[in-house]
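The values are calculated or read from the model by the stated rules, or taken from the named source; none is laboratory data. Worth saying up front: this structure is predicted, and the values here are computed from it rather than measured. Here Cβ is always computed from backbone atoms with ideal geometry, including for glycine, and neighbour counts include all displayed protein chains. For the accessible areas, the whole protein counts, side chains as well, though only heavy atoms, and no ligand, DNA or RNA atoms are used. Shrake-Rupley method; radii C 1.70, N 1.55, O 1.52, S 1.80 Å.
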Amino acid sequence: MRKLAHAILLGAAFASSFSAARADAVEDFYKGKSVQVIVGYGPGGGYDVYARLLARFYGKYLPGNPNMVVQNMPGAGSMVMANYMYNVAPKDGTAFGIFARNIPLISVLGGNNAVKYDARKYTWLGSMSSYEEDAYLMWVRKDAKVKTLADIQKKGGEPVVL
């Protein structure tokens with residue numbers, strides 16, 4: 001419950017950071033429109049809950065108070081949605097996506113033919129997590145060619161098969 005309350009506060013703080021000085025042009029754009037919040041997973045999971053929580057309050061903090069509509073687009077660990085966002089979704093601010101944290105990394109590493117997006121061209125808006133209690137681990141085999149992140153960086157940024 002503490003994490004949920006923390007996420008709500010972070011979301012509200014982020015939403016309230018929009019500048020009122022630019023509100024007129026933005027308000028005119030968003031007024032009467034719907035904004036798609038596209039989730040890369042099916043209904044009922046953690047990402048879906050975050051999206052629905054965000055959509056419930058976010059519209060009232062955007063100038064013009066657009067209607068927020070959550071759309072689930074599951075598939076391939078949210079890669080289907082990432083491909084859709086990059087290649088099909090409107091690029092005018094009326095659609096944004098919530099996808100797995102590793103989606104940008106998969107694009108940058110290369111070597112996956114299912115990736116049809118360039119994560120370096122996405123714009124990151126924020127996160128529902130403070131990362132305060134999140135844990136990240138990287139595991140490699142004992143006989144791997146690389147043992148540390150520094151070893152990977154020595155390879156010149158090219159994908160390394162472990």
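Within segment 96-103, not a single residue is open to solvent by less than 50 Å² (accessible area, probe 1.4 Å), at pLDDT 95 or above and either over 25 Å from VAL49 (Cβ atoms) or part of a helix (DSSP H, G or I) (or both). Checked against the criterion of being crowded, with 18+ Cβ neighbours inside 10 Å and farther than 22 Å from ASP28 by Cα, segment 56-69 has no qualifying residue. Cβ-Cβ distances below 7 Å connect the following pairs, each with a first residue in segment 112-129 that is surrounded by 11 or more Cβ atoms within 10 Å (Cβ to Cβ), a second residue that is among the β-branched types (Val, Ile, Thr) and at pLDDT 90 or above, and a separation of six or more residues or different chains: ASN112/ILE106; VAL115/ILE106; ALA119/ILE103. Does ARG120 satisfy the criteria of being outside any loop (DSSP other than H, G, I, E, B) and of a type in the set (D, E, K, R)? For ARG120, the condition - outside any loop (DSSP other than H, G, I, E, B) and of a type in the set (D, E, K, R) - is met.
Kindly evaluate VAL108 against the criterion of being touching a strand residue (DSSP E or B) at 6+ places or on another chain (Cβ under 7 Å), more than 13 Å from GLY40 (Cα to Cα) and outside any loop (DSSP other than H, G, I, E, B).
Against the criterion (touching a strand residue (DSSP E or B) at 6+ places or on another chain (Cβ under 7 Å), more than 13 Å from GLY40 (Cα to Cα) and outside any loop (DSSP other than H, G, I, E, B)), VAL108 does not qualify.
The set of residues in segment 46-95 that are hydrophobic (A, V, I, L, M, F, W, C), in a helix (DSSP H, G or I) and either touching a Phe, Trp or Tyr at 6+ places or on another chain (Cβ under 7 Å) or under 22 Å from ARG120 (Cβ atoms) (or both) comprises ALA76, MET79, VAL80, MET81, ALA82, MET85.
Scanning segment 33-74 for residues that are touching a Ser or Thr at 6+ places or on another chain (Cβ under 7 Å) and at pLDDT below 90 yields a single hit, TYR61.
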